[in-house]
Amino acid sequence: MRDLTSDTITEAVIATMRDTKDSRVAEILESLVRHLHSFVREVGLTEEEWAQGVDFLTRTGQKCTPTRQEFILLSDVLGVTMLVDALSNRRPAEATQNSVLGPFFREDRPRSADAADISGGLPGTPLFFEGRVVDRGGAPVASAAVDVWHSDAEGHYDVDVPGQVDPAMRALFRTDETGHFSFRSIRPSSYPIPGDGPVGELMSATSRSLMRPAHVHLLMEAAGFQRLTTMLFPSEDPYLDMDPVFGVKESLVESFDTYGAGAGPYGEQTDVSYTLLRRTFVLEPLPAD
Ligand code: BEZ
Ligand code: FE
């Protein structure tokens, strides 16, 4: 293994890994080396560009903290997160589709009772959400764990704002025997993904918008079913077709119907307009062993 050239180095590197014990690790590493070398050859990467790339990745790692994962954000904006999800979770059209989890899910959310107000008293248009969880045959899925989280009317999550009511706009529900869960909150707003790190530089260099369309995140788990990580987007959002993390699917775009002041969704009087969203979620069974 001497005097390697640009023509022979790829096979030489792969040969050094021939004793890899795990066959899947061997497959992934061989393919990685082949694609990486092809990429370097194809663009004719210069030493200066290589150094810039190393610096970019170094700073991406340095930006990571327990609450900020710049590498996942990089994966999100390069479409890798949604590509891996699409390959891992091929679902029939009638099942509810996945979207990105994002960085704002928190384990320390309150467990809330049906119809709870999870807004934390924050200002905004009231949002009444009525959900139903069913299987592909339409039978209710009882006792499903349903996590909900979303931003406020200015596009901030509770974790974003020091001094904000905390936790707010997030909760864990359980469906009843009819598959029903519901809550009251405020309408979320669109917001930018974090742009103050290397990913922000990449977005700005490529003239891409940081803005995600407004959405409500939902994560559902029930025995015998695949985990559903999804979100719903209001149909009138101006950023639906430029989501920087590629999470929008037509089947997840909903009309967030807004009603004027007067009779509220449950017949009570209200002096503000409100949004009522009703949605059925269809879980996909786990594959049979
Ligand atoms: C989110 O929707 O919370 C999100 C997803 C990916 C990157 C940043 C934010
Ligand atoms: Fe989000």
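Cβ-Cβ distances below 8 Å connect the following pairs, each with a first residue in segment 65-83 that is farther than 18 Å from residue 211 by Cα, a second residue that is in a helix (DSSP H, G or I) and within 14 Å of ligand 2 (Cβ to nearest atom), and a separation of six or more residues or different chains: 67/159.
Only a single criterion out of (1) surrounded by fewer than 17 Cβ atoms within 10 Å (Cβ to Cβ); (2) without any contact (Cβ under 8 Å) to a residue 24 or more places away in the chain; (3) over 26 Å from residue 109 (Cβ atoms) is not satisfied by residue 227, namely (3).
Can you confirm whether residue 170 is among the basic types (Lys, Arg) and farther than 30 Å from residue 66 by Cβ? Taking the combined requirement at face value, the residue does not satisfy it. For segment 57-72, check the following and say yes or no: at least one residue is outside the structural domain of residue 233 (by TED's automatic domain parsing), of a type in the set (A, V, I, L, M), away from ligand 2 (no atom under 16 Å from the Cβ) and at pLDDT 95 or above. Checking segment 57-72: at least one residue is outside the structural domain of residue 233 (by TED's automatic domain parsing), of a type in the set (A, V, I, L, M), away from ligand 2 (no atom under 16 Å from the Cβ) and at pLDDT 95 or above. If I go through segment 150-166 residue by residue, how many of them are hydrophobic (A, V, I, L, M, F, W, C) and within 15 Å of residue 108 (Cβ to Cβ)? Looking only at that region, the number is 2.
Taken over segment 1-37, the criterion of being within 25 Å of residue 199 (Cα to Cα) and either in contact with a strand residue (DSSP E or B) (Cβ under 9 Å, 6 or more places away or on another chain) or in contact (Cβ under 8 Å) with a residue 24 or more places away in the chain (or both) is satisfied by 37 alone. Please go through (1) in a strand (DSSP E or B); (2) within 20 Å of the chain's Cα centre (by Cα) for residue 181 and return the number of the only condition it doesn't satisfy. Result: residue 181 passes all but (2). Could you check segment 73-110 and list, in sequence order, the residues that are among the hydroxyl-bearing types (Ser, Thr, Tyr) and at pLDDT 95 or above? Within segment 73-110, 75, 81, 96, 99 meet the criteria. For residue 108, are the conditions met, namely being touching a residue at least 60 places away in the same chain (Cβ under 8 Å), in the same structural domain as residue 205 (by TED's automatic domain parsing), among the acidic types (Asp, Glu) and out of contact with any Gly (no Cβ under 8 Å at 6 or more places or on another chain)? Criteria not met by residue 108.
With the condition kept exactly as written, say whether any residue in segment 175-184 is assigned by TED's automatic domain parsing to the domain that holds residue 265, within 16 Å of ligand 1 (Cβ to nearest atom) and at pLDDT 95 or above. No - not one qualifying residue is present in segment 175-184. If you take the residues in segment 145-188 that are surrounded by fewer than 22 Cβ atoms within 10 Å (Cβ to Cβ) and polar (S, T, N, Q), which one is farthest from ligand 2 (Cβ to nearest atom)? Selected residue: 178. Look at (1) closer than 30 Å to residue 139 by Cα; (2) touching a helix residue (DSSP H, G or I) at 6+ places or on another chain (Cβ under 8 Å); (3) surrounded by fewer than 17 Cβ atoms within 10 Å (Cβ to Cβ) and you find that residue 111 fails only one, number (2).
The values are calculated or read from the model by the stated rules, or taken from the named source; none is laboratory data. This is a predicted model, so every value here is computed, not measured. Positions of Cβ are backbone-derived with ideal geometry, glycine not excepted, and every protein chain shown enters the neighbour counts.
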